[in-house]
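The values are calculated or read from the model by the stated rules, or taken from the named source; none is laboratory data. Model, not experiment: these values are computed from the prediction. Because the Cβ atoms are built from the backbone with ideal geometry, glycine has one as well, and the counts that use them run over all protein chains shown. Keep in mind that these areas ignore ligands, DNA and RNA; they rest on the heavy atoms of the full protein, side chains included. Shrake-Rupley method; radii C 1.70, N 1.55, O 1.52, S 1.80 Å.
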2 protein chains.
Amino acid sequence: LRSICGDDGVSQGEAIREQHGKDESMHRCRPPDVVVFPRCVEEVSALARVCHKHHLPIIPFGTGTGLEGGVGAVKGGVCFSLRKMGQVLDLHQEDFDVTVEPSVTRKALNAYLRDTGLWFPVDPGADASLCGMAATSASGTNAVRYGTMRESVLNLEVVLADGTILHTAGKGRHPRKTSAGYNLTNLFVGSEGTLGIITKTVLRLHGIPEATVSAVCSFPSVQTAVDSTVQILQAGVPIARIEFLDDVMIDACNRYSALSYQVTPTLFLEFHGSERSVEEQVKITENITQSNGGSDFQWARDAETRNRLWKARHDAWYASLALRPGCKAYATDVCVPLSRLPQIIVETKDDLIENRLTGPIAGHVGDGNFHCLIVLDPSDPEELQRVHLFTDRLARRALAMSGTCTGEHGVGLGKKALLREELGPTTIQVMQLLKDALDPKNLMNPGKIL
Amino acid sequence: LRSICGDDGVSQGEAIREQHGKDESMHRCRPPDVVVFPRCVEEVSALARVCHKHHLPIIPFGTGTGLEGGVGAVKGGVCFSLRKMGQVLDLHQEDFDVTVEPSVTRKALNAYLRDTGLWFPVDPGADASLCGMAATSASGTNAVRYGTMRESVLNLEVVLADGTILHTAGKGRHPRKTSAGYNLTNLFVGSEGTLGIITKTVLRLHGIPEATVSAVCSFPSVQTAVDSTVQILQAGVPIARIEFLDDVMIDACNRYSALSYQVTPTLFLEFHGSERSVEEQVKITENITQSNGGSDFQWARDAETRNRLWKARHDAWYASLALRPGCKAYATDVCVPLSRLPQIIVETKDDLIENRLTGPIAGHVGDGNFHCLIVLDPSDPEELQRVHLFTDRLARRALAMSGTCTGEHGVGLGKKALLREELGPTTIQVMQLLKDALDPKNLMNPGKIL
């Protein structure tokens, strides 16, 4: 065991600080007592057995890019940094799958896959570790086409609180589908480290599309942008990305990146497919957006122009932060049925203005999921209080519309009370039953989710 | 409570007999002591409380179309026939979702949706109830494009063994994605009635494609048919259905339906999309199949011709049965990584011949999943024994290739021992922990899965 302040030359402490740099406004930094750096599953298991014997909390740590305080050691204990387990294993090109260890990030995997014609699409923005993305049920900009981690994980190797090594779908198995017993894989996906430590993830891969086209389109209102989205999906366009930025966000991006987008609600779109299919997708989509009062498309085909076109979306986080230099940002994460999206966005924008908060909006609008990137001064307790009240109101607005308080960031520390409101006591009790069954001593990442 | 032999004018007894007519060769009919016909979730809950108090097994019954003996009452007890709960509720067209009660079948739902431009794609062949399909994690011919029930269920209402009414994602919630706590929805999907009775399912719907084209293509070998499949997927063709029939099955279909397909390994394909996209998908696919020695496509665009073209595939079950009039059929269900499919099919065909068994093969080849429809005389114990040994060898062959003994039919009664081999003792123990946590008296569909 090495201390978190040890001389490992390690970014561990840095990483934790960086993580809390991002959301310390909402989640106070809670360092663990000890950090360990196991190199293989057997070491993870042996260390877990030690913790189990001595009743020490276990906090798994991947890249620390989570947004809900999931790596905070609220009861102290041992942080399992998995940075020394970073191999890509068992790439099966013809089977469209690959196995990764915990510190392999999505960008590292896609770099590894570069010459295979395959890629892993789930993209939460940050260059998160894939096992961490499994643990938090991450998704992101192209979930509308490729699904979330829930649809992408075929099998997991997990170390339980007592050191038991579990293979959720059986050791080494990777069929594309199965109905063999309870779906343990999807019980651990999204369990946020509270049921076990994910030490290997088997991922489903996709063929790199022959053609990719990006487009940007401005709208007179939130309603017309969302109506277009619904109609595009109804028309069966297999759109790969459809991202919404509100006027405040567009303005922030224009300033940050010296762009000149029209300051109105805007959709950023991406189409994947064969040359002709993409061409047709663009045409159908442009017809729909124009019938809703959208502008002509700005569109781009080659990678460089596409990146320039999407720069606003890619830089949204930093553009928001730049609105108030020296401040911090916190991202809300509600998700509602598509039909309720215009109303909740309009009400939320009014709420932001009324309460003098800076909160540009970016959303995975094809899933009904959007984020207010609230920029706040964490040293101002009065503002902090206003933000807390705002985020609670926003979550309750989503719940009143049959939605969820968290579409993709998870519950972590901050949304435990909201989760109870969302699910009701019976559903929470059943979750607690499962937690008690798998981790009776409550050692796995205690204080999170439940 | 009414007896199963009661005068309800009811197909209950019929249905159970019909179910066992299908697979009595493998699973002996095990009638329950009593059948109840609750009309609403409150009645299901009240009846479950009675059973719980008196330690009576509870066996949920939908349409009885399952293939693994899931409705057999191996310990007697009370069959909950859910046929009186048959409403389609809460269709949200703009949100692409709908809620169904237990006796709504997939065909009934699609008839209900006819004028909405939406449909529910999962198609296991039988006109199964959708809640039953959730319970068994069903999939079928178009899972390659639209996923299985695991990807299609947004929320479930479930009655637990003690009568508790649970909403897996919170009552009334239907966002398209969520990361709010443990994924209880997918714990109950595929639990085969052993964790609770599904009384409502919230399903994700899809837009009806503008154009559908079907095609049929013959190949010189199993290998070339499967190679074509892999290449079609690698090329990113969003194929909706890609079904394999072996020479024996084609021969059976030719005889049964007076068709004249070439008696060789054959792919039945279906393409969904816009007019132009479908046209291009067909073109890319035909290039691939021809480069693998496939025949020219027979293809069809209008519904009637498509149905005629696909008749062989649709009638595969009955065509197989007709090979030996008076006999019964049992479908195997292994699923392996795509790259292993040619080898396992070739070895399995050799095994069938060596052991003098009639077993035409049909497969969801895009998922690596295939069925031998074994036609057997259930009154011949020697043949029955040969079939048992064959199915065990087939499953072990799949397990040795990193696959599963059941891609979509579930475990039920017949694959419990194979499940242990597939998953290993630790994974089974974790499943048992969950079962014990949710159903400590082992009342829910006892004797299945574990």
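So the values come out like this:
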| quantity | calculated |
| --- | --- |
| For B:Glu382, label point 7 Å along C-beta direction: distances to other copies, nm | 9.5 |
| Karplus 3J(HN,Hα) series, Hz, for segment A:199-205 with 6.51 cos²θ - 1.76 cosθ + 1.60 (x for Gly, Pro) | 10, 8, 10, 9, 10, 7, 10 |
| Surface share of carbon and sulfur [accessible, 1.4 angstrom probe, percent] for the protein assembly as shown | 49 |
| Inter-label distance for A:Gln343 and B:Tyr112, nm, one decimal - labels placed 7 Å from Cα along Cα-to-Cβ | 2.3 |
| Estimated buried accessible area (total), pair A and B, 1.4 Å, Å² to nearest 100 | 7100 |
| Segment B:211-318, dipole about Cα centre (Lys/Arg Cβ +1, Asp/Glu Cβ -1), debye to the nearest 20 | 160 |
| Exercise: per-residue mean of other protein chain Cβ atoms within 10 Å, A:394-403 | 3 |
| FRET efficiency, 1/(1 + (r/R0)^6) with R0 41 Å, evaluated for A:Thr305 and A:Gln93 via beta carbons | 0.85 |
| For chain B, with +1 on Lys and Arg beta carbons and -1 on Asp and Glu, the positive-most of B:Cys253, B:Leu338, B:Gly196 along the dipole | B:Gly196 |
| Peptide-level mean, for B:335-342, of C-beta atoms on other protein chains within 10 Å | 5 |
| HN-Hα J in Hz across segment A:91-107 - Karplus 6.51, -1.76, 1.60, θ = phi - 60°, x for Gly and Pro | 6, 10, 5, 5, 9, 6, 8, 8, 10, 10, 8, x, 9, 6, 8, 5, 5 |
| Amide H contacts under 5 Å for B:Leu118, placed H, 5+ residues apart | B:Ile208 |
| Amide hydrogen neighbours beyond the local backbone of B:Cys335, cut-off 5 Å, H modeled | B:Thr404, B:Thr406, B:Gly407 |
| For the protein assembly as shown, alpha-carbon Rg over 2.2 N^0.38 Å | 0.92 |
| Distance between modelled label sites at A:Lys53 and B:Asn254, nm, 7 Å Cα→Cβ extension | 7.0 |
| Taking only Cα atoms of segment B:324-410, radius of gyration then Dmax in Å | 12.5, 38 |
| Shielding by partners - mean other protein chain Cβ count within 10 Å, residues of A:215-227 | 0 |
| Order by protection proxy (mean Cβ within 10 Å, highest first), peptides B:179-189, B:97-107 | B:179-189, B:97-107 |
| Rounded to whole Å, sorted largest first: equivalent-ellipsoid semi-axes of segment B:148-266, Cα gyration tensor | 41, 19, 14 |
| Alpha-carbon Rg/Rh ratio, for segment B:211-318, with Rh computed the Kirkwood way | 0.95 |
| Chain A: equivalent-ellipsoid semi-axes (sqrt of 5 x gyration tensor eigenvalues, Cα, Å) | 35, 27, 20 |
| Of B:Gly359, B:Pro378, B:Phe390, farthest towards positive along the dipole that unit charges on Lys, Arg, Asp, Glu beta carbons give segment B:356-450 | B:Phe390 |
| Point-charge dipole on Cβ atoms (K/R +1, D/E -1) for chain B, about Cα centre, debye to 20 | 940 |
| Candidates A:Val50, A:Val158, A:Val282, ranked by Gaussian network fluctuation over chain A, Cα under 10 Å, top entry | A:Val50 |
| HN-Hα J in Hz across segment B:436-450 - Karplus 6.51, -1.76, 1.60, θ = phi - 60°, x for Gly and Pro | 5, 5, 8, 9, x, 8, 6, 9, 6, 6, x, x, 9, 6, 9 |
| For B:Gly273, distant residues with modelled amide H under 5 Å away | B:Glu210, B:Ala211 |
| Positive-pole candidate from A:His314, A:Ile239, A:Gly447, dipole of the protein assembly as shown, charges at beta carbon | A:Gly447 |
| Cβ charges +1 (Lys, Arg) and -1 (Asp, Glu), total dipole of the protein assembly as shown, debye | 1720 |
| Exam field: B:Asp436 pseudo-label spacings to other copies (7 Å along Cα-Cβ), nanometres | 1.4 |
| Accessible solvent surface per residue of segment B:85-135, calculated while the other protein chains remain in place, 1.4 angstrom probe, Å² | 36 |
| Approximate spin-label separation A:Lys441-B:Ala211, in nm, with each point projected 7 Å along Cα-to-Cβ | 6.4 |
